[in-house]
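Before any comments, here is the structure.
The values are calculated or read from the model by the stated rules, or taken from the named source; none is laboratory data. Here the structure is a predicted model, which is why all the values come from computation and not from measurement. Please note: Cβ atoms are built from the backbone with ideal geometry, for glycine as well, and neighbour counts cover all protein chains shown.
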Amino acid sequence: MVLEIIKQYSLLSCKSLSNLLSLDYSYYSGGWQNPARFDVSGLQYDGNGNILGLVRNKEDNSTLDNLTYSYIAGTNKLQSVTDAVSTTPEDLDAEDTKFGYDGNGNVVEMLEIGQPAISSITYDYRNLPVSLVNRNER
């Protein structure tokens, strides 16, 4: 039973221990298969270890996302994510996104293609998130 469950999972391997440089999708079907799909490459980082960019592929190995991450100057707060690939109907397709913060550094706004992606975020007295409601009320 356990072996059958393990066979259904995907294997993602890393090419670097300090920072991920790429992810290589594999799956088990009578032996490990390594198709050229769902891979992640081009991961880049700044001196603080913040991700600066990555490329994600779809099942057909075409590019789904080519993302660039920008940070508020002098901080590690993510300001925006920009996708150089046009919007697709894929559920997992990342879109251009901007983030806003309160005085405590908590995310209070997330705009995806200029539209609110998060309806509300509630934090407790320790500034830990208690609830998050996305635009679909989930």
**Asked** What number of residues in region 107-138 are of a type in the set (D, E, K, R) and under 15 Å from residue 80 (Cβ atoms)?
**Response** 2
**Prompt:** Looking at this structure, is residue 63 touching a Gly at 6+ places or on another chain (Cβ under 6 Å) and under 25 Å from residue 89 (Cβ atoms)?
**Reply:** no
**Residue check for residue 69: touching a residue at least 24 places away in the same chain (Cβ under 8 Å) and either on the phi > 0 side of the Ramachandran plot or within 15 Å of the chain's Cα centre (by Cα) (or both)** = no
**Fill in**
Within region 27-40, restricting to residues that are within 25 Å of residue 91 (Cβ to Cβ) and surrounded by fewer than 16 Cβ atoms within 10 Å (Cβ to Cβ), the one that is modelled with the lowest pLDDT is 36
**Request:** Could you look through region 93-120, keep only residues that are touching a Leu at 6+ places or on another chain (Cβ under 7 Å) and of a type in the set (A, V, I, L, M), and pick out the one that is farthest from residue 133 (Cα to Cα)?
**Result:** 94
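Quick grid of which residues meet (1) surrounded by 13 or more Cβ atoms within 10 Å (Cβ to Cβ); (2) part of a loop (DSSP other than H, G, I, E, B); (3) of a type outside the set (D, E, K, R):
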position: 42; (1), (2), (3): yes, no, yes
position: 56; (1), (2), (3): yes, no, no
position: 74; (1), (2), (3): no, yes, yes
position: 93; (1), (2), (3): yes, yes, no
position: 109; (1), (2), (3): yes, no, no
position: 131; (1), (2), (3): no, no, yes
**Request:** Please find, within region 95-105, the residue that is modelled with the lowest pLDDT out of those that are outside any strand (DSSP E or B) and under 15 Å from the mean Cα position of the chain (by Cα).
**Result:** 95
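Table: residues versus (1) under 28 Å from residue 19 (Cα atoms); (2) out of contact with any strand residue (DSSP E or B) (no Cβ under 9 Å at 6 or more places or on another chain); (3) of a type in the set (Asp, Glu).
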position	(1), (2), (3)
55	yes, no, no
83	yes, no, yes
92	yes, no, no
102	no, no, yes
105	yes, yes, no
118	no, no, no
